[in-house]
Amino acid sequence: MSNDNIQAVLGESRIFPPAAEFVAKSRVDAKKMAELRAAAEKDHVGFWASLARQELSWNKPFTVTLDDSKAPNYAWFTDGRINVSYNCIDRHLEKRGDKLAIRFESEPGVVTTLTFKQLHGEVCRLANVLKSLGIRKGDRVVIYLPMSPSAVIAMQACARIGAIHSVVFGGFSAQSVRDRVEDAGARLVITADGAHRAGHVVELKKAVDEALNEGCKTIEKVLVYKHAGNQIAWKDGRDLWWQDLTAKAAAECEPEWVEAEHPLFLLYTSGSTGKPKGVQHSSAGYLLGAHQTTQWLFDVREDDVFWCTADVGWITGHSYVCYGPLSNGTTIVMYEGGPMTPDAGRFWKICQDHGVTIFYTAPTAIRALMKMGEKFPLSYDLSKLRLLGSVGEPINPEAWIWYHHVIGKDKLPIVDTWWQTETGSVMISPLPGATPLKPGSCTQPIPGIFADIVDESGELIPGLDQGGYLVITKPWPSMLRTIWGDNERYIKAYWGQFGNKYYVAGDSAHRDKDGYYWILGRTDDVLKVAGHRLGTMEVESALVAHPRVAEAAVVGRPHEIKGEAIVAFVILKGQRPTGAEAEELIKELKNFVAKSMGPIAKPDDIRLADNLPKTRSGKIMRRLLRSIAKGEEITQDVSTLENPAIVAQLAGKE
Ligand code: 7RM
């Protein structure tokens with residue numbers, strides 16, 4: 001976030017109390033929220049224990065709530081046994097068997113629905129297929145599927161048999177699939193022929209073939225869902241059609257009751273190094289977080305239709321498409337394609353056609369749709385909507401006000417939810433029937449979550465109207481358990497900074513005079529491009545893999561719609577070209593990154609230079625690069641630079 005934005009949000013003083021009409025029917029009003037907060041303050045562990053007993057269905061109840069003997073490797077509900085898919089599906093069958101679990105619309109506009117009963121059948125069939133392929137409890141399965149019911153079925157089927165899924169976002173490349181398969185030691189890939197995206201077919205199976213061509217020795221089979229109907233290559237003995245096998249499989253499959261701490265999934269996410277981290281989540285604690293936050297923050301009721309637009313390849317799609325709503329017996333909407341296909345009215349048309357009541361999306365989408373004007377949302381009937389949500393990056397007050405006014409007709413609450421892949425579920429957010437809203441602030445930690453801010457030395461900063469590093473001071477059930485295969489990295493990345501005392505989120509935040517939190521952005525080398533988390537180091541590694549690149553430095557630059565855009569400074573091997581030759585190479589490098597990481601990582605701007613600005617100790621001055629990328633006048637002290645003359649060249653003034 002730029003300084004201007006920080007000034008703008010901190011200057012924001014409008015307050016929107018919850019509408020009386022909403023409060024009257026909400027699950028949690030101000031009084032109830034105060035009671036929940038007080039209960040959690042008094043006995044934080046007991047608070048979560050009673051929710052876990054009340055809200056989840058256990059095969060064997062737990063007696064130990066929190067085991068902190070190996071802190072910061074915390075464990076929750078350790079002696080309990082549970083099955084996540086049972087909680088999301090089976091326990092609803094009696095009361096809600098014929099209720100819709102999923103309403104799906106493909107990008108070309110084909111609508112498919114599944115009741116809880118049908119979902120149960122599909123999940124059981126696939127679970128039986130997985131078992132017949134030799135997949136057992138604890139095996140890793142990579143899922144690379146379109147945003148469609150097949151993805152939810154695959155995730156739930158893994159959960160049903162205790163296999164650990166690792167979903168790879170369909171917008172990531174073959175290389176990303178390969179890296180994740182290898183790091184996780186996966187035995188099976190579940191993919192589709194292709195996915196529809198913005199009028200094109202994304203060839204998922206082709207990327208898997210490419211990934212498996214080199215390495216990936218642990219993969220035995222590839223299960224292929226026929227979806228887009230595109231031509232694909234076939235490897236006999238390895239490749240199998242999902243539909244062929246499930247047609248012959250039994251529609252009943254006993255859930256595998258696993259220990260509460262059994263890993264439910266790995267989800268790779270970017271950090272400060274070039275290698276994404278396999279964030280490992282548990283079964284019971286994770287589910288409790290996703291379940292409880294869905295209930296409190298989205299106020300779900302029996303007749304709600306919940307649409308979270310996030311792809312299942314991201315944590316938001318795990319917690320608020322696949323697990324949280326289904327665990328509450330809520331009908332979800334899934335949409336396969338792009339928000340601008342065929343035009344900027346698509347999201348609003350889906351809201352109208354499917355009777356969406358709760359809509360949860362990212363600021364980048366709101367800003368992009370806002371730019372297209374009011375005529376799109378005004379052409380559709382959005383009268384069923386009763387609650388809006390935002391996630392992924394700070395929402396600027398202007399976009400917030402537009403969302404509230406044009407989509408929410410000045411009356412719907414907006415829950416601005418702060419959380420991370422690592423936190424598993426939302427941590428800081430309004431409760432819609434209780435919290436007065438301030439545009440741009442995610443407001444306050446939810447009951448049971450203890451957030452704070454610390455200074456450079458890790459000291460808590462008491463009082464109000466203060467800024468610092470955002471930390472979580474007490475363990476919570478849906479927290480990540482470790483980094484797959486690298487517990488040391490887990491401890492170092494999240495706890496080490498301040499002596500293992502707090503979970504360090506990697507964000508900076510301001511706590512205002514009312515105790516409301518305003519997230520100001522990352523403190524590490526993580527970018528949020530259109531809500532997608534990417535590491536600057538990852539993009540740098542992708543660039544230096546090109547034969548002509550000697551060195552690269554990547555920074556973020558504020559972008560009106562995407563939040564941040566990627567700017568890369570590149571030093572070549574040999575002669576630096578100019579003019580048309582330089583243009584050509586820049587284009588090639590952009591495409592090279594898109595090919596190796598996926599289209600979301602394609603740099604917006606690449607600058608070729610003879611050198612990078614470095615301190616005498618050899619450290620790249622990123623702060624300076626960020627200023628240059630923004631086109632700011634350089635007022636920083638460059639006297640500590642090894643090569644001060646480079647600044648003019650990087651700024652294009654040479
Ligand atoms: C859910 C998700 C996590 C990072 C996080 C923040 C930023 C997310 C908000 C936000 C301001 C929000 N997981 N972030 N939500 N910043 N307000 N409501 O996005 O792992 O991909 O990213 O995203 O910087 O640390 S994530």
### Task
Can you tell me the FRET efficiency between Asn213 and Asp610 if r is taken as the Cβ-Cβ distance and R0 is 35 Å, rounded to the nearest 0.05?
0.40
### Task
Return one quarter of the surface area of the convex hull spanned by the alpha-carbon atoms of the range 1-118, equal to its mean projected area, in nm².
14.4
### Task
Subtract the Cα-Cα distance of Thr578 and Asp67 from 0.36 nm times their separation in residues, and report this length gain in nm to one decimal.
177.8 nm
### Task
Provide Cys158, Cys216 in ascending order of the number of other Cβ atoms located within 10 Å of each residue's Cβ, fewest first.
Cys216, Cys158
### Task
Count neighbours as other Cβ atoms within 10 Å of each site's Cβ, and list the trypsin sites (Lys or Arg not before Pro) in the range 593-654 that are DSSP loop with at most 12 such neighbours.
Arg616, Lys619, Lys653
### Query
What is the Rg over Rh value, at two decimals, for the range 415-478, using alpha-carbon atoms and the Kirkwood definition of Rh?
0.97
### Task
Have a look at the DSSP beta bridges in the chain and tell me what percent are antiparallel, nearest 5.
60
#### Entry: Cα point-scatterer Debye curve for the range 50-197, base-10 log of I(q)/I(0) at q = 0.19 Å⁻¹
-1.23
### Message
If I take every Cα pair under 8 Å that is 6 or more residues apart in the range 409-478, average their sequence separation and divide by the length, what percent do I get for the relative contact order?
### Response
24
### Task
Can you check what the net charge comes to around His200, using other residues whose Cβ is under 14 Å from the Cβ of His200 (Lys, Arg +1; Asp, Glu -1)?
-2
### Query
Could you work out Rg/(2.2 N^0.38 Å) for the chain, with Rg from alpha carbons only?
0.94
### Task
Under 14 Å from the Cβ of Lys587, count the other residues' Cβ atoms, weight Lys and Arg +1, Asp and Glu -1, and hand me the total.
-1
### Message
Once you place label points 7 Å from the Cα toward the Cβ at Arg53 and Asp455, how far apart are they in nm?
### Response
4.4
### Task
Two decimals is fine: what is log10 I(q)/I(0) at q = 0.15 Å⁻¹ for the range 572-654, from a Debye sum with one equal scatterer on every Cα and no solvent?
-0.64
### Query
What share of the DSSP beta bridges in the range 315-453 is antiparallel, in percent to the nearest 5?
20
### Query
Lone cysteines in the chain, going by a 4.7 Å Cβ-Cβ cut-off?
Cys88, Cys158, Cys216, Cys308, Cys322, Cys351, Cys442
### Message
If each DSSP helix of 4+ residues adds -39,500 (n - 2.57) and the sum is divided by the residues in the chain, what number results at 222 nm, nearest 500 deg cm²/dmol?
### Response
-9000 deg cm²/dmol
### Query
What percent antiparallel are the DSSP beta bridges of the range 255-388, to the nearest 5?
40
### Task
List the relative contact order of the chain as a percent without decimals, with contacts defined as Cα pairs under 8 Å and 6+ residues apart.
14
#### Entry: Percent of C-alpha pairs per 5 Å bin, the range 234-343, short to long
2, 9, 14, 14, 16, 20, 14, 7, 3, 1
### Proximal aspartates and glutamates relative to Lys492, as straight alpha-carbon distance under 15 Å, when same-chain residues fewer than 8 apart are discounted
Glu422, Asp524
#### Entry: Phi to ³J(HN,Hα) by Karplus 6.51 cos²θ - 1.76 cosθ + 1.60 over the range 55-60, Hz, x for Gly, Pro
9, 10, 9, 9, 7, 9
### Contour excess over end-to-end distance, with Cα ends at Asp343 and Val45 and 0.36 nm allotted per residue
102.4 nm
### Task
Take each of the peptides 329-340, 48-59, 426-437, average the number of other beta-carbon atoms within 10 Å over its residues, and list them starting from the highest.
426-437, 329-340, 48-59
### Task
Just check the range 111-232 against the gyration tensor rule for me: Cα atoms, a ≥ b ≥ c as the square roots of the eigenvalues, rounded for a/c under 1.5, and otherwise prolate or oblate depending on whether a/b exceeds b/c.
oblate
### Summary
Under the Karplus relation with 6.51, -1.76 and 1.60 and θ = phi - 60°, whole-Hz ³J(HN,Hα) for the range 601-614, x at Gly and Pro, equal 9, 5, x, 6, 8, 10, 10, 8, 8, 8, 7, 9, x, 10
### Task
Would you tally the net charge around Glu55, using a Cβ to Cβ cut-off of less than 13 Å, leaving Glu55 out, and scoring K and R as +1, D and E as -1?
+3
### Query
Of Trp241, Trp400, Trp314, how do they rank once you tally other Cβ atoms within 10 Å and put the fewest first?
Trp241, Trp314, Trp400
### Task
Return a whole-number percent for the relative contact order of the range 441-569, with Cα pairs under 8 Å and 6 or more residues apart as the contact set.
19
### Query
In what order do Phe359, Phe569, Phe22 fall by count of nearby beta-carbon atoms within 10 Å, going from fewest to most?
Phe22, Phe569, Phe359
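Laboratory data are not the source of any read-out in this text; all were calculated from the coordinates shown. These figures come from a predicted structure and were not determined experimentally. Here Cβ is always computed from backbone atoms with ideal geometry, including for glycine, and neighbour counts include all displayed protein chains.
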